[in-house]
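**Q** Mind having a look at this structure? Questions to follow.
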Amino acid sequence: MDQRWVLTPDPPTRREVGPPVRPGSLIPVEMREALRRGRWDAAVRLAVGAGITDLNHVTDTLFYLLHPELRARPCEVRWGARAREWAQIRDRRVRPVLQATQPAVLRASFGVDTASTDKNLGADWARAKAQVPLEFAIVRANWGASRDSEFLHHWPRLKAAGLVRGAYLFLRFPHPRSDRRYGRPASPVAQARALIERIPSLDPGELPPSLDVEFPDPGRKATGMTARQVLDGVRAAWGALRDHYGVPPIIYTSNRVWCDDLGNLPAPDLIESPLWLTPYIEKRRRPAILDPRRFAGGQRNPRVPSPWGDATNWWIHQYQGDATGLPGFRGIVDMNRFNVTARGATGDRVRWVQRRLGIPQSGAFDAATEQALRAFQSSRGVTADGVVGPRTFAYLCWSQPGSPRRRS
C-alpha cells in the first residue's frame, strides 16, 4: 500500500458501499498478481473485463483482495483508517480508470431469438429495431433435421431491417416424449447437413450458425446416453458445420448443462467456438427487459463452462425467456445481450479477438489491440470505433485465427 497518500475526508458509509465480493469468486487470477505488483490500473481493467463495472463494486473487489482478513464485511465509517483507505482506492485508483473505460464497456447492445413455437409469424423487425435498441437477432432454422416453419419468413426481413442476423440448429437427442410424437432424431451429422441444405452460405457480416446444446426435462439422462456419447454427438455436428462453413459455429449452452449433463468433460477442440449462454434473470412471462442497469456490476453475468477458460469468455447472454410486449411482435421472444468488448477488457475473450486479428495474445485489450481492430474494421467497411460490437464480432468470427501465441 502506498503510504504517501493524503487521507481523504470522504470516507464510505454503508449506503455508499456496493455488495462485497469475496476474493476469488469472479475475478481472474491475474488480478491478485497485478495488486501485488502495484499495478492498480491493470487490476481495475481486469475487474472491468470480468464484468464488474460499478464504481463501488470494483472498489470493494480490490479492497477485500487486499484485506482478506476482513471477510468481506461491509466497510463502515467507524473503521477509521480502513474506511479512509477504501475511499482513497475508490477516488484515486478506481474512478479514473473507470471514467476512461466505462462508456464503451457499458454500451447497451440487445438482441432477440425466436422460433416458430413463439408464434411470431408476421413480426415487424424494422419496427422493433426502430423503437428499441436491437442490434442482432438469431432465429431457429432447424429443430433436428426438421425445418422451422417460420424461418423463411424471418430471414430476409432481418437483413432488410439492418440487424446482424444468425440462425441456429436445435440439436436433438433421443427423448421419450418427443420421440413418441415426432420419431427418433436423425444422427447429429444428418441434422447439421439439414441446416447446411437450408442455408448453403452466409455472408461475413452475418453470424456463423449456432449449435443449440441443451436437453429437455429431465435432462441428459432421458436420452439413455452417457455424457461422453452426447459430447461425441455434439462434436460430430460441430465438425460438419465447421467443415462446411470454414469456421467454428457458435455454441449455445449453459454452465449447468455442461456440468450436469455433459459431466464437465474437457473440450479443447471446441474452444474456438464463441459462447452464447444462459441462465435467465427473469424466468416468468414478463415484459421484455431492456435496461442495461439490470446488469451493472457483473453479478448477473452467465457462468462460463470450464473448457472455455476464465469468467470473461462469453459473447451473448440469453437473459430472459418468454418476454412479452416487444414492439412489432405478437408472440414471445427470448431476450439477449451482447458482451461489448473495448479497451480495458482482459482475459480469454480478448485472446480470442487477438487470435483473429493476428496479433500477440496478451489477453489485454490495449492500445495495440485497439489499433489492430480499427484497421480490421476499416478493411471490412465497418465503423472503425475500436469496439467489438455485434457487427464487428460477426466479421471476426469469419476471420481465421492465427497461431496461438501468448505474450507474457
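Where a number appears in this text, it was derived from the coordinates with a stated rule and is not lab data. For clarity, every value in this text was computed on a predicted model and none was experimentally measured. Methodologically, a virtual Cβ is constructed for each residue, glycine included, from the backbone with ideal geometry; neighbour enumeration extends over all protein chains shown.
**Q** Between 0 and 90 degrees, rounded to the nearest ten: what's the tilt of helix 348-357 against the longest Cα principal axis of the chain?
**A** The helix 348-357 is inclined about 70 degrees to the chain.
**Q** Under Stokes-Einstein, with the Kirkwood radius over Cα pairs standing in for Rh, what whole-number D in µm²/s applies to region 103-178 at 20 °C and 1.002 mPa s?
**A** Taking Rh from Cα pairs, D becomes 158 µm²/s.
**Q** I've got another one for you. Contact order normalised by length for the chain, with contacts defined as Cα pairs under 8 Å and 6 or more residues apart; what percent is it?
**A** Computed value for the chain: 17 percent relative contact order.
**Q** So for the pair Val132, Arg235, with labels modelled 7 Å out along Cα→Cβ, what separation do we get in nm?
**A** 4.0 nm
**Q** Please list the three semi-axes, largest first and in whole Å, of the ellipsoid equivalent to region 164-307, using sqrt of 5 times the eigenvalues of its alpha carbon gyration tensor.
**A** The equivalent ellipsoid of region 164-307 has semi-axes of 25, 21, 16 Å.
**Q** Can you give the angle from 0 to 90° between the axis of helix 55-66 and the longest principal axis of the chain, with both taken from C-alpha atoms, to the nearest 10?
**A** Roughly 70 degrees, rounded to the nearest 10.
**Q** OK, next. Nearest 500 deg cm²/dmol is fine: what mean residue ellipticity at 222 nm does the chain get from its DSSP H runs of n ≥ 4 alone, each adding -39,500 (n - 2.57), divided by its residue count? Numbers along the way, then the final one.
**A** Working: 13 runs with 134 residues, N = 408.
Per the formula, -9500 deg cm²/dmol.
**Q** Cβ neighbours within 10 Å, averaged per peptide: list 121-131, 229-239 in order, most packed at the top.
**A** Averaged packing, sorted descending, gives the order 229-239, 121-131.
**Q** Where both partners of a DSSP beta bridge lie in the chain, what percent of those bridges are antiparallel, to the nearest 5?
**A** Restricted to the chain, the bridges split so that about 35 percent are antiparallel.
**Q** Sticking with this one: Normalised by the residues of region 110-338, what does the relative contact order come to in percent, with Cα pairs under 8 Å and at least six apart? Intermediate values should be presented prior to the final figure.
**A** Values: 438 pairs, mean separation 51.0, N = 229.
It comes to 22 percent, rounded to a whole number.
**Q** For region 315-401, just run the numbers: alpha carbon Rg, then divide by 2.2 N^0.38 Å, N being how many residues it has. It would help to have the intermediate numbers written out before the result.
**A** Working: Rg = 15.4 Å, N = 87, 2.2 N^0.38 = 12.0 Å.
Relative to the rule-of-thumb radius for its length, region 315-401 sits at 1.28.
**Q** From the phi angles alone, apply the Karplus equation (6.51, -1.76, 1.60; θ = phi - 60°) to region 35-46 and give each ³J(HN,Hα) in whole Hz, x where the residue is Gly or Pro.
**A** 5, 4, 8, x, 8, 5, 4, 5, 5, 5, 5, 5
**Q** What's the angle, to the nearest 10 degrees (0 to 90), between helix 151-160's Cα axis and the longest principal axis of the chain?
**A** 50 degrees
**Q** Around Asp148, which amide H atoms from residues at least 5 apart in sequence, or from another chain, sit under 5 Å from its own amide H, with H modelled in the peptide plane?
**A** Asn142, Trp143
**Q** Of all DSSP beta bridges located in region 108-164, what percent are antiparallel, nearest 5?
**A** 25 percent
**Q** Round to a whole angstrom and tell me the spacing of the C-alpha centers of region 270-291 and region 164-215.
**A** 19 Å
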